[in-house]
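Structure record follows, encoded as structure tokens.
The values are calculated or read from the model by the stated rules, or taken from the named source; none is laboratory data. The model shown is predicted, which means the values in this text are computed figures rather than measured ones. Neighbour counts run over all protein chains shown; Cβ positions are idealised from the backbone, glycine included. With ligands, DNA and RNA removed, areas are computed over all heavy atoms of the protein, side chains included. Shrake-Rupley method; radii C 1.70, N 1.55, O 1.52, S 1.80 Å.
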Amino acid sequence: MSDAYDRNRRRRRRDRNDFGRHNEDVSPTLATPAPSKPPVTILGLAKPTRVPSTTAVVDYPASNFSNTTSEIDSSDSSFHQNVSLDHAIGDTSTSDKPAVVVLSSLSSDSKSHLTPSKSNEIDSAEARSNLDDSLHSSEENAVSSKRTTVASSVGNIISGVIDQGAQTQLKLAPPLEKQVKIKLIDDSFQWCESGVDLMLEQTDFLVVGAIGLQGCGKSTLLSLLAGNTHQDAYRNYFFFPQTKEAKEECLFQTSGIDMFVTSERVILLDTQPLLSASMMDCLLRYERKFPSEYTSLQNFIEMQSMQLLTFLLSVCNIILIADDWFIDINFLRLIQDAEMLKPSTQPPSATADNISSSKEDTLDFYPTVIFVHNKATREDFTPDTYFSMQQILHKIFISSKLKIHSGINMTNNAIHDSIIPTPPGAEEDPASSLNLLLIPQMEFYKSEPEWLQTTLPEYRGYPSFNTILSFFRSQILSAPRSPMTHTTLTEKNWYHFAARMWETVKKSSLLAEYNRLLSSTA
């Protein structure tokens with residue numbers, strides 16, 4: 001009787017331990033090894049590119065999952081993470097099985113069912129039936145310690161994957177600091193190397209320079225081109241215009257050449273006033289001595305203007321010739337002389353074949369020149385007056401090689417509507433394509449205009465300043481660009497090229513001969 005009771009007891013224990021092992025409805029994927037090693041997948045995180053090599057395979061018996069399925073589904077505070085490991089350490093028979101790790105905040109009674117054990121610890125039902133009830137407590141303690149070790153290792157793996165995913169994310173670049181103008185050529189007419197830090201290794205850039213007499217608005221035009229508006233305070237301009245005190249004392253604002261680089265990679269060059277009597281007065285007032293190779297202070301000021309002109313004609317894609325009244329013939333003659341004395345930007349010919357080559361291969365660089373009439377009045381915007389100004393400039397520069405007929409004018413409607421209509425019969429005249437832009441007097445609107453001014457606006461004869469400013473920017477930035485050298489230059493290469501051209505200008509034999517002629521005629 002006792003033997004039959006023991007056999008029935010062992011049979012019930014065997015059935016209880018094997019419950020769910022042969023049950024295919026619980027988890028059919030656990031009994032079949034995976035065809036390939038599944039990648040690591042953590043819910044809520046990006047898929048990492050690599051899994052740490054120090055991993056372990058965790059295999060839970062199917063009976064434990066069958067007993068806890070309903071409990072996990074009914075728990076509201078559980079947190080599930082499914083992890084499939086790539087590499088296994090230990091038994092190779094279980095390395096291809098996907099492991100499922102369930103991390104939850106269940107109660108202690110529910111956690112007792114999640115006891116991990118290896119499937120190969122008990123090879124047969126006969127060995128499991130011979131275990132004594134007294135060994136269950138020690139086995140549970142051992143398995144509990146294994147569970148703690150496995151949970152700790154899995155936690156380390158998950159934290160390592162999280163750290164790795166965080167490190168692979170792209171970091172945002174720090175914000176660019178607000179750029180300010182820097183000196184390209186200082187007060188002593190010496191080259192400054194500080195501007196090379198602003199240059200990049202890319203070829204999509206534009207160099208725009210401005211020349212003109214004192215107080216004609218060169219700095220203001222470049223600031224408007226860089227992004228300032230007429231409603232900005234003067235202290236917020238990229239190039240500071242003349243202050244009220246400087247105008248009252250007839251002082252100049254810019255000395256040498258200032259450089260500013262916009263975010264669109266437009267390099268702006270602002271020069272000191274040409275043929276400035278204020279600079280001559282400053283040298284006399286502070287008793288500054290000029291170099292001995294110049295016979296008079298007037299020749300020294302004129303030679304400085306000539307050096308700046310020849311330099312800009314060699315390193316700029318576009319040159320703005322600004323004036324605030326039409327027209328100073330001495331200033332235009334100085335530009336013509338600078339065109340003749342400009343150094344060549346092409347390398348010298350080394351062989352006789354290069355010397356006898358065609359003229360197209362040896363053409364020198366000449367920039368695009370745009371005349372900008374600042375502080376224009378209502379009469380300047382009439383079609384007949386505007387066309388007359390174009391005809392005068394065309395006749396003065398009729399033999400010039402400067403690119404002054406690019407169609408950058410107020411009658412151009414390629415990008416925006418034209419500001420000034422073309423007079424009848426002027427379409428066939430070559431002067432109608434001359435580069436001439438008009439900028440009216442800057443308007444300073446109130447924050448809230450008066451009702452009567454809004455109802456009855458004053459007739460100005462031209463559009464608003466904002467419309468003309470947008471037209472001014474689009475025309476200049478869309479002007480054609482010609483290569484300065486036979487090779488394509490990057491920004492850094494252009495900076496070094498400009499430094500060489502400045503040294504060439506200062507040591508030019510043509511400028512030295514021009515100075516000698518000025519001294520003899522004086």
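Summary table
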read-out	value
Residues being surrounded by 14 or more Cβ atoms within 10 Å (Cβ to Cβ) and in contact (Cβ under 8 Å) with a residue 12 or more places away in the chain - total across region 475-495	11
Cross-chain or 6+ apart pairs with Cβ under 6 Å, region 180-191 first and closer than 20 Å to residue 302 by Cβ, then in a loop (DSSP other than H, G, I, E, B) and of a type in the set (S, T, N, Q)	187/255
Check on residue 413, under 17 Å from residue 471 (Cβ atoms) and touching a strand residue (DSSP E or B) at 6+ places or on another chain (Cβ under 9 Å)	no
Hits in region 199-224 (condition: part of a helix (DSSP H, G or I) and under 12 Å from residue 265 (Cβ atoms))	none
Residue, farthest from residue 375 (Cα to Cα), within region 386-415, restricted to residues that are open to solvent by 70 Å² or more (accessible area, probe 1.4 Å) and not basic (Lys, Arg)	399
Only one of 422, 377 that is surrounded by 13 or more Cβ atoms within 10 Å (Cβ to Cβ), of a type in the set (Val, Ile, Thr) and touching a residue at least 40 places away in the same chain (Cβ under 8 Å)	377
Of all residues in region 425-466 being modelled with pLDDT of 90 or more and in a helix (DSSP H, G or I), the one that is surrounded by the most Cβ atoms within 10 Å (Cβ to Cβ)	432
Any hit, region 193-207, residues being polar (S, T, N, Q) and free of Cβ contacts under 8 Å to residues at least 24 places away in the same chain	yes
Qualifying residue in region 225-244 (condition: within 25 Å of residue 306 (Cα to Cα) and part of a strand (DSSP E or B))	no
Lone unmet requirement of (1) in contact (Cβ under 8 Å) with a residue 60 or more places away in the chain; (2) under 42 Å from the mean Cα position of the chain (by Cα); (3) farther than 30 Å from residue 480 by Cβ for residue 259	(3)
Members of region 217-237 found to be modelled with pLDDT under 90 and either open to solvent by less than 20 Å² (accessible area, probe 1.4 Å) or of a type in the set (Phe, Trp, Tyr) (or both), listed by number	217, 228, 230, 234, 237
Qualifying position, being modelled with pLDDT of 90 or more and in contact with a helix residue (DSSP H, G or I) (Cβ under 9 Å, 6 or more places away or on another chain), among 283, 320, 297	320
Failed item, numbered, when residue 407 is tested on (1) at pLDDT below 90; (2) on the phi > 0 side of the Ramachandran plot	(1)
